[in-house]
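J.: Before I ask anything, let me first share the structure, which is written out below as structure tokens.
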Amino acid sequence: MEFEFISDDSFQDILKRDFHELTKCRKNKSSKSVLILTGSILEALLTDYFQENLPKGYTAETILKTTLTTLLDLAETEKIISKSEKSLATVIKDYRNLIHPGREVRKKESFDHETSEIAFTILRILITRIEQKYRERFSFSAKDILENLNRDWNYRSIYG
């Protein structure tokens, strides 16, 4: 996945890297890694979106420090995702917390390959939704613009 709709190059690089790693982890059935990466990817997607589309009362710096829980609340409030999609995303958020071994022991968390596949499916739904919001806001992605320019004979004759 290329994440060409992501506005910040740093986030786009992180997302490409993490999604590539997520794909490998799924193939190897590394369930815990899949669960943690889906949460990380979701957080990066929402952080980038809200840095580009600052909600009232937030700065780019505060968005970088915002928790996934708050980002999900903002996403629902700003109508980026629906209430149902937020509920699904909460599953990802909760499993992402498996990064903390103490929590896993305390809460007696259990998961398996099927659990990680559910998280991956939810992530794909949310990626699609967030990408749609980018396209609604900006109408065209950078890829769309470049493809249109490549079809424009004036552009090609001037810039090759």
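J.: What pairs come out if I take residues in region 57-81 that are farther than 18 Å from I127 by Cα and pair them with residues that are surrounded by 12 or more Cβ atoms within 10 Å (Cβ to Cβ) and among the aromatic types (F, W, Y) whose C-beta lies under 6 Å away, six or more apart or interchain?
T.: Cβ pairs passing all conditions: I63/F50.
J.: Here is a check on your reading of the model: is K108 more than 23 Å from F3 (Cβ to Cβ) and modelled with pLDDT under 95?
T.: Numbers: more than 23 Å from F3 (Cβ to Cβ): yes; modelled with pLDDT under 95: yes.
In short, yes.
J.: Using the structure shown, decide if K65 is on the phi < 0 side of the Ramachandran plot and touching a helix residue (DSSP H, G or I) at 6+ places or on another chain (Cβ under 8 Å). Spell out how you get there, then give the answer.
T.: On the way: on the phi < 0 side of the Ramachandran plot: yes; touching a helix residue (DSSP H, G or I) at 6+ places or on another chain (Cβ under 8 Å): no.
Taking the combined requirement at face value, the residue does not satisfy it.
J.: Look at region 1-19 and say how many of its residues are of a type in the set (G, A, S) and surrounded by 14 or more Cβ atoms within 10 Å (Cβ to Cβ).
T.: Step one: filter region 1-19 for residues of a type in the set (G, A, S), giving 7, 10.
Next cut, surrounded by 14 or more Cβ atoms within 10 Å (Cβ to Cβ) only: 7.
Number of matching residues: 1.
Here is a yes/no grid of residues against (1) in contact with a helix residue (DSSP H, G or I) (Cβ under 8 Å, 6 or more places away or on another chain); (2) without any contact (Cβ under 8 Å) to a residue 24 or more places away in the chain; (3) among the β-branched types (V, I, T); (4) over 19 Å from D18 (Cα atoms):
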position: K83; (1), (2), (3), (4): yes, yes, no, yes
position: S87; (1), (2), (3), (4): no, yes, no, yes
position: L98; (1), (2), (3), (4): yes, no, no, no
position: K107; (1), (2), (3), (4): no, yes, no, yes
position: D112; (1), (2), (3), (4): yes, no, no, yes
position: E117; (1), (2), (3), (4): yes, no, no, no
position: R137; (1), (2), (3), (4): no, no, no, yes
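J.: Do you know which residues across region 97-127 are of a type outside the set (A, V, I, L, M), open to solvent by less than 60 Å² (accessible area, probe 1.4 Å) and under 13 Å from the mean Cα position of the chain (by Cα)?
T.: Answer for region 97-127, where residues must be of a type outside the set (A, V, I, L, M), open to solvent by less than 60 Å² (accessible area, probe 1.4 Å) and under 13 Å from the mean Cα position of the chain (by Cα): just F120.
The values are calculated or read from the model by the stated rules, or taken from the named source; none is laboratory data. As the structure is a prediction and not an experimental result, all values here were calculated from the model. Don't worry about glycine lacking a Cβ; one is built from the backbone with ideal geometry, like all the others, and counts go over all protein chains shown. Surface areas here come from the heavy atoms of the whole protein model, side chains and all, with no ligands, DNA or RNA. Shrake-Rupley method; radii C 1.70, N 1.55, O 1.52, S 1.80 Å.
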